[in-house]
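Structure record follows, encoded as structure tokens.
The values are calculated or read from the model by the stated rules, or taken from the named source; none is laboratory data. It should be emphasised that the depicted structure is a prediction, and the values quoted were computed from it without experimental measurement. A quick note on method: Cβ atoms are made from the backbone with ideal geometry, for glycine too, and the neighbour counts reach across all protein chains shown. What goes into the accessible areas is simple: the full protein's heavy atoms, side chains included, and nothing from ligands, DNA or RNA. Shrake-Rupley method; radii C 1.70, N 1.55, O 1.52, S 1.80 Å.
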Amino acid sequence: MISKKLLVGIAAASALMLSLSACGGTRAGLGGGGNEPGGNAGALVGVAMPTKTSERWIDDGNNVKSKLEAMGYKVDVQYANDKVPDQQQQIESMLNNGAKALIIASIDGTALTQQLADAGKDGVKVIAYDRLINGSPNVDYYVTFDNEKVGVQQGTSLLQGLGILDAAGKDTGKSGTKNIELFAGSPDDNNAQFFFNGAMSVLKPYIDKGTLKVVSKQTNFSQVAIQQWKQETAQARMETLLNGFYSGKQLDGVLSPYDGLSRGILNAVKSAGIDNPVVTGQDAEKPSDKLILDGVQYSTIFKDTRKLGDTAAEMVDAVMNGKEPEVNDTKTYDNKVKVVPSYLHESVIVTKDNLIKEVVDTGYYTKEEVEKGE
Ligand code: BGC
């Protein structure tokens, strides 16, 4: 028979062991029962953003921070200047500072395996923000836009700008050949391939039947991708294409996956002194909004990043309280280790016709900002 006194002693000792093991280690994650409701109130959340060179990421960082702070969390937002080692270090130091959840917009979607393994060991939950993190089992959720559809919208708006499709997306039956060039985003960003594939799904049938002609013949992703989404690299490539393939030829359209690249492309066109082709974009950045209102850039894809920020913060709040965040896609985003449960938001094609309605009337930017371009 074990005496009552002994039982009490065993219970006390195991309670002590439990609390010691909860204190063990230098980092405090969600493990060890820390995710019961209210258990993580006021906890630190690390937010890793890729760069400040594009204004959308600055807006993203601000949105996520204010939303999480309104929920009572402490927030550490870091920008990595498009440098992978900087982002790796920033994430390590967030973990060392006791972050209990991470929201990460990666630079290179394959370069964070070690940092995420550390997070996983500590029970820190990881939300991939806008860009999928590949090759790691420690990505818990993904919030993004429907990236394939963004590409479809880019291809569609190029065809609309060229008069091949009408406003409703119907073929106009227009004959003749339009000369175009293709650009894609950074190969280390998982989204870039989705955008390109989506766009090519609508452009390729027209390339195949000769309505569209890619004069340079550069149609593979690897030939048209722009490392780190750099505006100056896109400008240099457009200059090379114009010099090499367009003497005496008209350039009618350019598929561009991001406003920064679009502005580089338009700079090259401007210095060559040729007529403006139809140029697409993405992100509704202020300088491009102005170019669209001025009739220089044809279109952009508006992604209301406030929604992304809200969902990311809600996902964090759910996991911090031991709940399952809401997702609406459980099959598309396979990171080569697992299919990451995702929440996809919708994007909108924006041209001169609906820019004010979509970007200004929704309160994203003011009329003054889009008219000034800053
Ligand atoms: C984002 C785009 C953005 C691009 C360049 C992508 O991952 O989804 O919205 O245009 O990065 O910053």
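Observations on the structure shown:
- Number of residues in region 297-326 that are over 22 Å from residue 195 (Cβ atoms) and either over 17 Å from the mean Cα position of the chain (by Cα) or surrounded by fewer than 18 Cβ atoms within 10 Å (Cβ to Cβ) (or both) equals 13.
- Scanning region 238-265 for residues that are in a helix (DSSP H, G or I), surrounded by 14 or more Cβ atoms within 10 Å (Cβ to Cβ) and away from the ligand (no atom under 16 Å from the Cβ) returns 238, 239, 241, 242, 245.
- Whether a residue is under 30 Å from residue 167 (Cβ atoms) and free of Cβ contacts under 8 Å to residues at least 60 places away in the same chain was assessed, and residue 152 passes this test.
- Residue, farthest from residue 125 (Cα to Cα), within region 327-374, restricted to residues that are in contact with a Phe, Trp or Tyr (Cβ under 6 Å, 6 or more places away or on another chain) and either in a loop (DSSP other than H, G, I, E, B) or open to solvent by 70 Å² or more (accessible area, probe 1.4 Å) (or both): 347
- Count of residues meeting criterion [open to solvent by 30 Å² or more (accessible area, probe 1.4 Å) and either more than 19 Å from the chain's Cα centre (by Cα) or of a type outside the set (A, V, I, L, M, F, W, C) (or both)] in region 211-228: 9
- Qualifying residue in region 84-93 (condition: more than 15 Å from residue 126 (Cα to Cα) and either of a type in the set (Lys, Arg) or in contact with a strand residue (DSSP E or B) (Cβ under 6 Å, 6 or more places away or on another chain) (or both)): no
For every residue, the table says whether it meets (1) over 24 Å from residue 319 (Cα atoms); (2) modelled with pLDDT under 95.
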residue	(1), (2)
2	yes, yes
9	yes, yes
28	no, yes
32	no, yes
43	no, no
46	no, no
65	no, no
83	yes, no
88	no, no
